[in-house]
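S.K.: The structure is given below, and queries will be raised subsequently.
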Amino acid sequence: MSNWLSFLSVCLLKRLDFPEMKFSLYFMGYEDTVSAPSNGTERTVWTFSQKATIELTHNWGTESDPDFKGYHNGNSEPRGFGHIGITVDDTYKACERFERLGVEFVKKPDDGKMKGIAFIKDPDGYWIEIFDLKVIGTVTTAA
């Protein structure tokens with residue numbers, strides 16, 4: 001969880017634990033949590049009302065299961081869910097920061113045909129597309 005918080009500069013908006021079902025949900029976003037209600041129910045409603053929220057699920061026990069092989073990231077066979085995308089102010093500046101933090105790149109902004117768009121990997125190997133509003137319009141005009 002701390003890796004998500006640090007390299008994407010998101011904050012934890014709300015955590016929900018479901019002990020009976022053995023999982024936790026973490027809702028991450030870019031909101032200022034100082035303005036969030038302290039009441040649990042009101043905080044949940046506030047969290048779900050934000051413009052951009054990412055929900056991460058932790059299934060309890062996988063971290064101590066020697067037979068757990070990890071989750072499939074969808075970018076190798078068999079293909080499935082591929083990635084999420086995050087808008088930043090400047091893709092190149094964001095990528096400079098990711099490099100300083102040692103984040104692994106799938107694609108740097110000037111690689112490939114789609115210039116100005118990057119793909120990084122989160123700590124579990126899931127792909128995250130990084131783009132900004134200055135280039136996304138021109139890159140996608142053919143779509």
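Residue by residue, here is whether (1) more than 17 Å from the chain's Cα centre (by Cα); (2) touching a residue at least 40 places away in the same chain (Cβ under 8 Å) holds:
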site	(1), (2)
19	yes, no
54	no, yes
61	yes, no
82	no, yes
89	no, yes
105	no, no
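S.K.: Taking strands (runs of 3 or more DSSP E) that do not extend beyond the stretch 7-123, which have at least 1 residues that are surrounded by fewer than 16 Cβ atoms within 10 Å (Cβ to Cβ)?
M.R.: On the way: elements: 11-18, 23-29, 53-59, 83-88, 105-107, 118-121.
Qualifying strands (runs of 3 or more DSSP E): 11-18, 23-29, 53-59, 83-88, 105-107.
Just so you know, all these numbers are worked out from the coordinates, no wet-lab data involved. All values derive from a computational prediction rather than experimental measurement. Positions of Cβ are generated from backbone atoms using ideal geometry, with glycine treated the same way; all protein chains shown enter the neighbour counts.
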